[in-house]
Amino acid sequence: MVNMEVFECIITRRSIRNYLDIPVEWDKVGTILEAGRLAPSSGNIQDYNFIVVQDEEKRKAIAEASLRQHWMSKAPVYIVVCADLKKSERLYGVRGNRLYSIQNCAAAIENMLLTAHSLDLGACWVGAFDENVVSRVLNIPDYARPQAIITIGYSDENPKAPQRFPLTTVTFLEKYGNRIKDMPAVMHDYSLVMERNLKQGKSALGKTGSLLTEKGKELAKKIKEKFGK
Ligand SMILES: Cc1cc2nc3c(=O)[nH]c(=O)nc-3n(C[C@H](O)[C@H](O)[C@H](O)COP(=O)(O)O)c2cc1C
């Protein structure tokens, strides 16, 4: 049963490239596929298909076709996400083919990655592969495009979170290039604002205390305790 808060799931998900030699329960695979099916898509077009691959020979051939990422074949299940370009083009022409089909698959993939994680499974989004070889191995027709392989299994590693750029780097306010200078204030994370002020030796608590939400006051109390009176 899925039992994780969404944001906790987003924060703690990692790409897993080492798997235990144990199978994945079929009902868990079903739940992951269901999460993909429920993803948003342009005009609800749902222009994708998911191929579940368990066969060992096929998994090995696909790993070989994925720039020899042999770690992949340790995962007992792959889900290969294919865009149905006939559908994408019929409804949305060039934009459907070049943009929506990719975004629709990506939304489904992310839903599946998060669901795998919430089910205590490890997964990895693999995009580096020879599309022609993968299409041949899986009988994928010309009008469909394999966009990603999701490897799934029980994790045999606990990788550290790779660094992400801070929000202030990736977010602009109102116009491109306009960086937000005080992100904690924008995010209503008063604890960070005050932690900074306290570090700078200002008596920020006295000045801003009355503006704080209940959550903010609680955090402020904790910070006060941490840094002393
Ligand atoms: C479009 C795309 C393609 C990727 N292709 C590969 C791949 O071929 N092999 C691989 O090991 N990881 C691949 N990844 C996983 C990324 O390396 C990984 O998401 C990134 O390093 C951040 O790590 P995290 O997922 O643990 O947060 C891919 C991810 C995306 C979104």
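Nothing in this text is a laboratory measurement; each read-out follows from the coordinates by a stated rule. Not measured: the values here are computed from a predicted model. Glycine gets a Cβ as well: all are built from the backbone with ideal geometry, and neighbour counts include every protein chain shown.
Some points to look at:
- Hydrodynamic radius by Kirkwood, which averages 1/r over all alpha carbon pairs of the range 85-159, in angstrom: 13.9 Å
- Under 13 Å, Cβ to Cβ, from Q103 - net charge with Lys/Arg +1 and Asp/Glu -1: 0
- Distance violations [Cα-Cα > 30 Å] among K58/K87; K87/K175; K175/K222; K175/K199; K181/K222; K74/K160: K87/K175; K175/K222; K175/K199
- Potential lengthening between D156 and I10 on full extension [0.36 nm per residue; Cα-Cα distance subtracted]: 50.6 nm
- Computed helical MRE - 222 nm, the chain, DSSP H runs ≥ 4 contributing -39500 (n - 2.57), nearest 500: -12500 deg cm²/dmol
- Here's the list of aspartates and glutamates a cross-link from K215 could span, going by alpha-carbon distance under 17 Å and ignoring same-chain residues fewer than 8 apart: D189, E195, E225.
- Cα extents of the range 24-110 along the three principal axes, largest first (Å): 38, 30, 17
- Counting beta carbons within 10 Å around each of T31, T168, T115, T213 and listing the fewest first gives the order T213, T168, T31, T115.
- The convex hull defined by the C-alpha atoms of the chain has an orientation-averaged projected area of 16.9 nm².
- Amide H within-cut-off set for A148, under 5 Å, with H built and near neighbours excluded: V81
- Among K28, K217, K60, the residue with the largest mean-square fluctuation in a Gaussian network model of the chain, with springs joining Cα atoms closer than 10 Å, is K217.
- Measuring nothing but how far apart in sequence close Cα pairs (under 8 Å, 6+ apart) lie, relative to its length, the chain scores a relative contact order of 24 percent.
- Site pair M187 and D55 shows an inter-label distance of 4.7 nm when each label is modelled 7 Å from Cα along Cα→Cβ.
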